[in-house]
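Take a look at the structure set out below.
A short reminder: the numbers here are calculations on the coordinates, not readings from a lab. Quick caveat: nothing in here was measured; it's all calculated off a predicted structure. Note that each Cβ is placed from the backbone with ideal geometry, even for glycine, and that neighbours are counted across all protein chains shown.
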Amino acid sequence: MAELGKLDTPLYGITEAARYIDMPVSTLHYWVRGERNSRPVIKLPDEAPMLSFMNLVEVYMLYGIRRQYKIPLPAVRKTINYLSRSFGSKHPLAEESLQTDGIDLFIERAGQLINLVQSGQLAMRAILETHLRRIEYERHGVAIRLYPFTRIHGSDDPKIIVIDPTISFGKPIVKGTGILTSILAERYKAGEEILDLVEDYGLKQGQVEEAIRYEITPLAA
């Protein structure tokens, strides 16, 4: 089981977190820092200029919804606040409770704020559920691992790459190992062959290819 304290430990700079989620740095900066009289959408731990793992999961969920429906930030903020009050949680989008009544609650609140039609609500449910399947929870219902998309946003990609705040300082690794995806990608970009990396690290070819894809190939829409 993950140490709950590590889940809220500042681990990721804004640029680094944006790269892991494959989203614009400027968007994430606005979400977590705000501007002038605009409050942040995501609250960072202890006002630190870095994101925790829980923040990363929140951003991952929100970006999946925002990029599809362009929900206005005031609506996002109001919906998160409503979910926080309903579940008594600082991070409602990063907890397993969202999979039960939380999904309906989120769709209901978002629907009121952006006037989604019924078909749109069903589509949003599908997006939420696809994203939730890539989060692993511990027995208290708190997110402890994130399997980021590696091929297409919102698809059921194979869960080969994982972000675990208790391993390798929360950087993306090949599942079941401590091998950083960034190391594999850097060696590949330096001209090394995939089969050489397979032999050096004792991995399967598909694992190496997925790590490289994740690090150097922008995700499809």
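Overview of values
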| quantity | calculated |
| --- | --- |
| Helix axis angle, 118-132 relative to the chain longest principal axis, alpha carbon, degrees | 40 degrees |
| Alpha-carbon Rg/Rh ratio, for segment 147-221, with Rh computed the Kirkwood way | 0.95 |
| At R0 = 45 Å, FRET efficiency that the Cβ-Cβ distance of ARG36 and GLN68 yields, to 0.05 | 0.95 |
| Sum of -39500 (n - 2.57) over DSSP H runs of 4+, divided by residues of the chain (222 nm, nearest 500) | -15000 deg cm²/dmol |
| Given charges at Cβ of Lys, Arg, Asp, Glu: the chain dipole, positive-most of PRO24, PRO74, PRO40 | PRO74 |
| Pairwise FRET efficiency - ARG151 versus THR27, Cβ, R0 = 25 Å, nearest 0.05 | 0.70 |
| Mean Cα-pair separation over length for the chain, i.e. relative contact order, pairs under 8 Å, 6 or more apart, % | 16 percent |
| Neighbour-count order for LYS171, LYS189, LYS70, fewest beta carbons within 10 angstrom listed first | LYS70, LYS189, LYS171 |
| Burial ordering of ARG139, ARG19, ARG134, fewest other beta-carbon atoms within 10 Å first | ARG139, ARG19, ARG134 |
| Residues SER52, SER155 arranged by fewest to most Cβ contacts within 10 Å | SER155, SER52 |
| Most mobile of LEU184, LEU28, LEU73 in a GNM of the chain (Cα contacts under 10 Å) | LEU73 |
| Amide N proximity, segment 130-174 versus ILE194 label position 7 Å along Cα-to-Cβ, cut-off under 19 Å | 149-152, 157-162, 173-174 |
| Violating pairs (Cα-Cα greater than 21 angstrom) within the set LYS43/LYS175; LYS6/LYS43; LYS159/LYS204; LYS6/LYS171; LYS6/LYS189 | LYS43/LYS175; LYS6/LYS189 |
| Principal axis box of the chain, alpha-carbon based, largest edge first, Å | 54, 39, 37 |
